[in-house]
Structure formats: structure tokens, C-alpha cells
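Asker: Pasting a structure here, questions to come.
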Amino acid sequence: MVNPMSPNRRGVSAVAGSSIAIFWPGAFIFGFPGVMGPLWQEMFHVGRGPIGNTLFFVLAAVGIFMFFVGHWQEKFGTRRMITIGAIICGLDIIMIAYASKISVVYLWAFLMGLSSCFIYIPALTTVQRWYPRRRGLVSGIVNMAFGLSGAIMAPVFAHMLASMGYVFMNFTLATIALVVGVTAAQFAELPEKAGLGRPAPVVAQKAPAELPRSLTVAESIRTRSFWLLWLTWALMGAAGIAMVTLSTAFGLSRGFAMKSAVLILTVFNVTNGLSRITTGYLSDIMGRNTTMSVAFFAAGCSYFALPYLNGLGASAVLGAVIGFAFGTLFAVSAPLAVDCFGLEHFGSIFGLVFTAYGFVSGAIGPSLGGYILDLSRGNFVMVFTYLGVFCVLSGFFIRFVSPPRPE
């Protein structure tokens, strides 16, 4: 008979709790703006550019706080940090119910980004500590929950909006997110905090001798690999997150009904979620760099082709490829960072990598894309072309991210 408090059972519970906790911030970040964007345009009398700024504020919070959360978790523990994130997430949805101007939406977006910070890095740290030999797989599971949540909830959001109305929908979602998130957080504890001892130091998989110890934050930022990973997050992050707001707008520009246009966002989020466990697992076998570069090159080709296609099916397929690459960025970057810099200071180092996503991706992705569409009266060729270039450059940069040579 299996002891319910056995290390194996506790590890599974930690992965499940971390995944459930990150589900709701993911749903509100990847699914909510795409569905609510057209409504917000009517409510606040704004164009696509201001709606694109919503994700800029999400990522700004990520850029500011991800590093600090990575540092704070070492002091306060992962379970406490995830609990705080779940509370912020639930209360934030109540605030958006009474938004009277677009600036309130921006505040909501910033706080939702803050919520994801308090959950994402602690969740990844937790699961990788429990399963150091399956870092790609368990990171992929958490990332799958983060990305797939938007696909699951986008059509649900659309249905709830039509059947409940805007205010009641938000109160219902706030209650569910708060209760489920706080409950799930209680299972996301590190093995050493659970009284099971500290796992052995984790080193690079392919050549352990090349990384005898974990690097400090100061040592990491002096390596070429750190900055190449940072650039990859800036560019591929912009290309991926831009689809959250551009996908539905693109579908509407092609004359599709709202339900059909949301399909592009839905399949983007489906592959954004499913690829995270698939590529996380594959990266344990075929290598992190190869897995990421192939996905990024495919996304670039998809962006180049997307504005020249009119059919809903073809648009959805290409959107799915872009979502697959975006999910790959999240799933494989975390174990790649551990391969390069070690697990001891993973939260702080990966938090610094996220400053690229927070401060750069939002500005050059959804925000810039939205303003270009407003100025060009809805011409997607220029926007999708430069986003495709971002994907291709990311595919090249990630090839050269590797553990630093020993001195």
C-alpha cells in the first residue's frame, strides 16, 4: 500500500498544485484580452493600439517583478509566494468588472502580470526540485497548464459574456479563481520544506564536467549565453504574445464572425499549451537548442504566409504553428537555463531573463503591431512580416546558448 505522504505522492501533488495555480493567470493573460478586446474598444472608444497596450502592461509587471519574486522565494518559500499570486489574481478580476476607462484595464493587466510572477517562477522551481532528472517534462507540464488555459477558457469567456453579462461574469470568475488558486498553492512546496531533504545539485545533462557548480547571478550575466537567451525572449516573446490580441482582429478583418475569429485565438492557445509538455519532454531527448530553433523557424514561415491566406482553416493552422513555437519558448527555456547556469539561483537568473519579455516584447509585439494596424487601416502584411523576422532571428540566437566553459 502506498503511503499518501510518500515522496512520490508529494512530488505529484506539488506538480499538480503548481499547474492548477498557474492556470487562472494564464487564462486571463492569454484568453481574456482577445475575447474582451472588441468589447473594450466599444466601451472605451479606442482603437486596436490601446487594446494592444493591455499586454504591454502585463509584460511590464513581468519585467519588473519576475527577478524580485525569484529572489523572494528563496527567503519566503514557494508555497507562500504562489498563495499571494492566487489572491492577487482573484481580486484583480473584481476590479475589472467596474472599469470605466481604459486606464483601469491597464491597471488590471499590470496586476495580472504581477500575479503570474508570484506563481510562475516559484512553480517552476518547485517542480524542478522534485524531479531534477525530468526537468523538461515537469516544466512542460506547468507550462502546458499556463498556455493551454487560454484555449480552454477563451470560448468559455465568450459564452459567459453572452449569457451572464460583463459584471456578473467577472464576479463569478473572481470567486472561482480565488478559491481554486489558493487551495492549489498549498500543495506547491519544495521537497526540503516538506522534510524530505535537499536534492543533489543538478548540472548540465550532456556534459556534467563542464558545469561543476551553479553560477551566481553576477556570473551568469557575464556570459554570452545569458544575453542570447535574453534576446531570444525579447524577440520570440514579442512574436508569440502579439497573437493574443492580433489573432481575433485578423479573423474579423477577413470577414469572419466573432465565434469564427476566436477560433484562431483558440487553436493558438491549444498548441501554445500542448507544445509545452511535448517539447519539454522532447528537449530531454533531442536537446534544448534543436527543439527550440526548429519551432521558431516554423513560426517565422507561418507569419510570412499568414497575411496572404483568406481561409479560416489555413489561418487557424498557421496560428497553431505560432502557438506551438511560443509554448516551446516557455517550456524549454527554463531547463535550458538550468543546464547553463545551474538550479541554485534559477529563480533570480530566470527572472532577469524575463525582463526581456517584460520590457521589450510587449512594446515591439502587441503594442507596436496594434498602432501599425491603426495607421495602415488594418494592413497585416507589415506587422506579420516583422514578427516573422523576429521568429527567424530567435531561431538563430538560441542555437548558440550553451553552458559556459570552465575557467
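Asker: Would you please name the residue that is modelled with the lowest pLDDT, looking only at residues in the stretch 205-222 that are hydrophobic (A, V, I, L, M, F, W, C) and in contact with a helix residue (DSSP H, G or I) (Cβ under 8 Å, 6 or more places away or on another chain)?
Answerer: LEU211
Asker: Just one of TYR98, TYR131 is more than 30 Å from THR291 (Cα to Cα), more than 16 Å from the chain's Cα centre (by Cα) and modelled with pLDDT under 90; which is it?
Answerer: Within the list TYR98, TYR131, the selection yields TYR98.
Asker: Something else: Residues of the stretch 20-41 being over 25 Å from GLU189 (Cβ atoms), small (Gly, Ala, Ser) and in a helix (DSSP H, G or I), which ones?
Answerer: Selection gives GLY34, GLY37.
Asker: Taking VAL105 and the conditions (1) in contact (Cβ under 8 Å) with a residue 60 or more places away in the chain; (2) under 29 Å from SER214 (Cβ atoms); (3) not polar (S, T, N, Q), which numbered condition does it fall short on, given that it satisfies the others?
Answerer: Condition not satisfied by VAL105: (2).
Asker: Related question: Please verify whether ILE277 is within 18 Å of ILE152 (Cβ to Cβ) and in contact with a helix residue (DSSP H, G or I) (Cβ under 8 Å, 6 or more places away or on another chain), treating the condition exactly as stated.
Answerer: Yes; evaluated as a whole, the condition is true for this residue.
Asker: Evaluate the stretch 292-301: report whether one residue or more is out of contact with any Cys (no Cβ under 8 Å at 6 or more places or on another chain) and at pLDDT below 85.
Answerer: no
The rows are residues; the columns are (1) within 24 Å of ILE372 (Cα to Cα); (2) more than 20 Å from the chain's Cα centre (by Cα); (3) assigned to a helix (DSSP H, G or I).
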site	(1), (2), (3)
ILE241	yes, no, yes
VAL244	yes, no, yes
PHE250	yes, yes, yes
GLY255	yes, yes, no
ALA261	yes, yes, yes
ILE264	yes, no, yes
LEU274	no, no, yes
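Asker: Just to be sure, is ALA14 assigned to a helix (DSSP H, G or I), modelled with pLDDT of 85 or more, more than 21 Å from LEU91 (Cα to Cα) and not β-branched (Val, Ile, Thr)?
Answerer: So ALA14 passes the test.
Asker: Do we find a residue being without any contact (Cβ under 8 Å) to a residue 40 or more places away in the chain, under 26 Å from SER149 (Cβ atoms) and of a type in the set (Gly, Ala, Ser) anywhere in the stretch 253-266?
Answerer: yes
Asker: What pairs come up if the first residue lies in the stretch 370-387 and is in contact (Cβ under 8 Å) with a residue 40 or more places away in the chain and assigned to a helix (DSSP H, G or I), the second is of a type outside the set (A, V, I, L, M, F, W, C) and surrounded by fewer than 17 Cβ atoms within 10 Å (Cβ to Cβ), and their beta carbons are under 6 Å apart, counting only those six or more places apart or on different chains?
Answerer: ASP374/GLY47
Asker: Mind listing whichever residues of the stretch 359-373 are more than 14 Å from GLY240 (Cβ to Cβ) and not hydroxyl-bearing (Ser, Thr, Tyr)?
Answerer: PHE359, ALA363, LEU368, GLY370, ILE372, LEU373
Asker: Sort through THR183, THR175 and tell me the only one that's among the β-branched types (Val, Ile, Thr), closer than 21 Å to ALA97 by Cα and either at pLDDT 90 or above or under 24 Å from the mean Cα position of the chain (by Cα) (or both).
Answerer: None of the other options fit; the residue is THR175.
Asker: Filter the stretch 331-390 for residues that are more than 28 Å from ARG48 (Cα to Cα) and among the small types (Gly, Ala, Ser) and give the result.
Answerer: Within the stretch 331-390, ALA331, SER333, ALA334, ALA337, GLY342, GLY347, SER348, GLY351 qualify.
Rundown of residues vs (1) over 16 Å from the mean Cα position of the chain (by Cα); (2) of a type in the set (A, V, I, L, M, F, W, C); (3) crowded, with 24+ Cβ neighbours inside 10 Å; (4) outside any helix (DSSP H, G or I), yes/no style:
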| position | (1), (2), (3), (4) |
| --- | --- |
| PHE57 | no, yes, no, no |
| GLU74 | yes, no, no, no |
| CYS117 | no, yes, yes, no |
| TYR120 | no, no, yes, no |
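Asker: Considering (1) crowded, with 24+ Cβ neighbours inside 10 Å; (2) under 15 Å from the mean Cα position of the chain (by Cα); (3) of a type in the set (A, V, I, L, M), say which one ILE349 fails and leave the rest.
Answerer: Evaluating ILE349 over (1) crowded, with 24+ Cβ neighbours inside 10 Å; (2) under 15 Å from the mean Cα position of the chain (by Cα); (3) of a type in the set (A, V, I, L, M) leaves (2) as the failure.
The values are calculated or read from the model by the stated rules, or taken from the named source; none is laboratory data. What you see is a predicted model, and the numbers here were worked out from it, not measured in a lab. Cβ coordinates were reconstructed from backbone atoms using ideal geometry, including for glycine residues, and neighbour counts include every protein chain displayed.
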